[in-house]
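Here the structure comes first, spelled out in structure tokens, and everything after it is commentary.
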Amino acid sequence: MILTGKKIENEVHAGKINISPFSKNFLNPNSYNFHLDKKILVYKNKILDPKKEQPTDEITIPKEGIILQPNKLYLGCTIEEIGSPCYVPLLFGRSSIGRLGLFVQITAPLGDIGTYGKWTLMLTPVLPIKVYYNMRIGQILFIAPKGEIELYKGKYKNSKKPRKSEIFKDFE
Amino acid sequence: MILTKKEILNNIASKNIEIMPFSEDQLCYNGFNFRLGRFLYKIDSIDEEYQPKTTKIDLVDYPNGYILQPQFLYLGATSETYKCDVHAQLLYGSKSIGQLGIWVHISAPLAHVGSSIKWTLELKCVQKVKIYFDMIFGKIYFLKNLGEILPYGSDYYFNSGKYVNNKIEISKKSFDKY
């Protein structure tokens, strides 16, 4: 079962969903619109190796926006810190963004129960596209779980900025 | 509704979910971490009859990693077989894989109730990236059904049941029945 906008609002007030900052203005019938934060990470290496930590450059989106180029991966993040100890979050780009050919997530749209923090966005455009700080870029949905809940304690919890892949830790 | 770790374990105990091979270490908070299977098919081209030209790759031959190239599509598979006659399944890459710019599915992340499959993975990358045999690659989720369950491959559904065995299926004429 998927939560309605009204239910999301109620659960935010009840502390069962955490969205910070939260404004009623960004609720949709089944989701909440989130915004693109200032910082973007890009990998320095031409060939990425999951077994090794990959160095990145950090870019700050200027006031006039920044043009993202195809065939390049930009790791951005949400302005909002989002999560829930009670529901499974599901994150997608907005349809208005998809229609411009911008992938907001490449994969892994489903979060773990108990996760909380800024969500890393895997921005990849099909065509060159300008993005701006604070633009409404995607939506987060919440799905009811079935069964006893154990809360997420993984490596991406409490993120305050975009996170590069830490898959190299799986090989240690 | 999506099954939690505990609920997946309960379903494994009752054999409603079968994962082969199963390791409890691969369970996560509301899903199961799958591993990348041994073989890949690099799709060099696909003709008008949907017949692809492919190159078969054995990842075991690449202990230092096999490099995916952005201009190709690759079909891979999960190491495990997943069988479930009670729940539907969803598959996604893990965050760590997406953050490296790897699509694990181009589309169709859903396995219908009644499937018994090694999932075929539709791999594509943004920039060159190495992959390794047996690495943790993504997650399988289980969704509770609402309504009467008829098996995958049932005659009731006009177009279901094409992908019932465990091979990486290169090409199926999706429109055979039309």
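Every read-out reported here was derived from the displayed coordinates using simple, explicitly stated rules and does not represent laboratory data. Everything numeric in this text was worked out from a predicted model, so none of it was measured. Quick reminder, even Gly has a Cβ in these numbers, built from the backbone with ideal geometry, and neighbours come from all protein chains shown.
For A:Ile129, which sequence-distant residues (separation of 5 or more, or a different chain) have an amide H within less than 5 Å of its own amide H, given hydrogens modelled in the peptide plane?
Close amide H contacts, sequence-distant or interchain: A:Leu68.
Give the Rg/Rh ratio for the protein assembly as shown, taking Rg as the radius of gyration of the Cα atoms and Rh as the Kirkwood radius, to two decimals. Please list the in-between numbers first.
Details: Rg = 20.1 Å, Rh = 21.1 Å.
Taking Rh as the inverse mean 1/r over Cα pairs, Rg/Rh reads 0.95.
Stretched out fully, how many nm does the piece from A:Phe168 to A:Lys6 gain, at 0.36 nm a residue minus the Cα gap?
Working: separation 162, 0.36 × 162 = 58.32 nm, distance 4.05 nm.
Additional length available on full extension: 54.3 nm.
A:Asn45 to A:His13: extension gain in nm, 0.36 nm per residue of separation minus the Cα-Cα distance?
Details: separation 32, 0.36 × 32 = 11.52 nm, distance 4.41 nm.
Extra length available between A:Asn45 and A:His13 comes to 7.1 nm.
Please work out whether chain A counts as rounded, prolate or oblate from its C-alpha gyration tensor, where a ≥ b ≥ c are the square roots of the eigenvalues and a/c under 1.5 means rounded, while otherwise a/b larger than b/c means prolate and anything else oblate?
Oblate is the answer for chain A, as a/c is 1.5 or above yet b/c matches or exceeds a/b.
Other chains near A:146-159: what is the mean number of their Cβ atoms within 10 Å of each residue's Cβ?
Working: counts 13, 14, 6, 6, 7, 1, 3, 1, 4, 2, 3, 0, 0, 0.
The mean count of partner-chain Cβ atoms within 10 Å per residue comes to 4.
Could you give me the radius of gyration and the Dmax of region A:24-75, taking only the C-alpha atoms into account and expressing both in angstrom?
Every Cα atom of region A:24-75 included, Rg and Dmax give 15.5, 43 Å.
Dipole of the protein assembly as shown (Lys/Arg Cβ +1, Asp/Glu Cβ -1, origin at the Cα centre): which of B:Gly138, B:Gly101, B:Tyr66 lies farthest to the positive side?
B:Gly101
Using 27 Å as the Cα-Cα cut-off, could you pick out the over-long pairs in A:Lys72/A:Lys146; A:Lys161/B:Lys144; A:Lys146/B:Lys95; A:Lys6/B:Lys6?
Values: A:Lys72/A:Lys146 38 Å; A:Lys161/B:Lys144 34 Å; A:Lys146/B:Lys95 23 Å; A:Lys6/B:Lys6 29 Å.
Correct reply: A:Lys72/A:Lys146; A:Lys161/B:Lys144; A:Lys6/B:Lys6.
Counting other beta carbons within 10 Å of each Cβ, put B:Ser79, A:Ser159 in order, fewest first.
Numbers: B:Ser79 20, A:Ser159 17.
Fewest-to-most Cβ neighbours within 10 Å comes out as A:Ser159, B:Ser79.
Can you give me the Cα centroid spacing of region B:127-149 and region A:1-77 in angstrom?
With region B:127-149 and region A:1-77 each reduced to a Cα centre, they are spaced 22 Å.
Cut-off is 10 Å between beta-carbons; in what order do A:His13, B:His87 appear when sorted fewest neighbours first? Each step should come with its number before you reach the end.
On the way: A:His13 10, B:His87 24.
Fewest to most other Cβ atoms nearby, the residues stand as A:His13, B:His87.
Which one of A:Leu68, B:Cys28, B:Leu9 has its Cα pushed farthest toward the positive end of the charge dipole of the protein assembly as shown, where Lys and Arg give +1 and Asp and Glu give -1 at the Cβ?
A:Leu68
Suppose only helical runs count, i.e. DSSP H with n ≥ 4. What mean residue ellipticity at 222 nm does that imply for chain A under -39500 (n - 2.57) per run, divided by all residues and rounded to the nearest 500 deg cm²/dmol? Walk me through the intermediate numbers first.
On the way: 2 runs with 13 residues, N = 172.
It comes out at -2000 deg cm²/dmol, rounded to the nearest 500.
Please list, in chain and number order, the residues 5+ apart from A:Trp119 or on another chain whose amide H is under 5 Å from its amide H, with Hs placed from the backbone.
A:Thr78, A:Ile82
So, R0 is 25 Å and r is the distance between the beta-carbons of A:Leu127 and A:Ile66; what FRET efficiency does that work out to, to 0.05? List each step's numbers first, then the result.
Values: r = 15 Å, r/R0 = 0.59.
About 0.95, to the nearest 0.05.
Mean separation of Cα pairs under 8 Å and 6+ residues apart, divided by the residue count of region B:1-53: what relative contact order is that in percent? Don't jump to the answer; show the numbers that get you there.
Values: 29 pairs, mean separation 15.5, N = 53.
Computed value for region B:1-53: 29 percent relative contact order.
Quick one: dipole size for the protein assembly as shown, taken about the Cα centre, charges +1 on Lys/Arg Cβ and -1 on Asp/Glu Cβ, in debye to the nearest 20.
Working: 47 positive and 34 negative charges, 187 e Å.
Rounded to the nearest 20 debye, it is 900 debye.
Based on the inverse mean of 1/r over its pairs of different Cα atoms, what is the Kirkwood hydrodynamic radius of region B:65-166, in Å?
Numbers: mean 1/r = 0.0678 Å⁻¹.
Evaluated on region B:65-166, it is 14.8 Å.
In region B:7-103, what trypsin sites (Lys or Arg not before Pro) fall in a loop by DSSP, with at most 16 other Cβ atoms inside 10 Å? The partial results should precede the final answer.
Values: sites: B:Lys15, B:Arg35, B:Arg38, B:Lys42, B:Lys53, B:Lys56, B:Lys83, B:Lys95; in loops: B:Lys15, B:Arg38.
Sparse-neighbourhood loop trypsin sites (Lys or Arg not before Pro): B:Lys15, B:Arg38.
Fewest to most neighbouring Cβ within 10 Å: what's the order for A:Leu100, A:Leu127? Show your work: numbers first, answer last.
On the way: A:Leu100 15, A:Leu127 10.
Fewest-to-most ranking of A:Leu100, A:Leu127: A:Leu127, A:Leu100.
Evaluate the charge dipole of chain A about its Cα centre and quote only its size in Debye, nearest 20, assuming +1 on the Cβ of each Lys and Arg and -1 on the Cβ of each Asp and Glu. Kindly include the intermediate steps, with their values, before the conclusion.
Numbers: 26 positive and 16 negative charges, 75 e Å.
Computed charge dipole of chain A: roughly 360 debye.
Assign unit charges at the C-beta atoms only (+1 for Lys and Arg, -1 for Asp and Glu), then state the dipole size of region B:15-169 relative to its Cα centre in Debye, rounded to the nearest 20.
Values: 16 positive and 16 negative charges, 85 e Å.
That gives a dipole near 400 debye.
Which of rounded, prolate or oblate describes chain B when judged by the alpha-carbon gyration tensor and an a/c cut-off of 1.5? Don't skip to the answer; put the middle values down first.
Numbers: a/c = 2.08, a/b = 1.21, b/c = 1.71.
Taking the square roots of the gyration eigenvalues as a ≥ b ≥ c, chain B is oblate.
For a quick check: with amide H placed at 1.01 Å from N, whose amide H comes under 5 Å from A:Gly138's, ignoring anything fewer than 5 positions away on the same chain?
Hits under the 5 Å cutoff: A:Phe34, A:Arg94.
Under the rule a/c < 1.5 gives rounded, and otherwise a/b versus b/c splits prolate from oblate, where does region B:1-89 land using the Cα gyration tensor? Intermediate values should be presented prior to the final figure.
Values: a/c = 2.92, a/b = 1.95, b/c = 1.49.
Because a/c hits 1.5 or more and a/b exceeds b/c, region B:1-89 counts as prolate.
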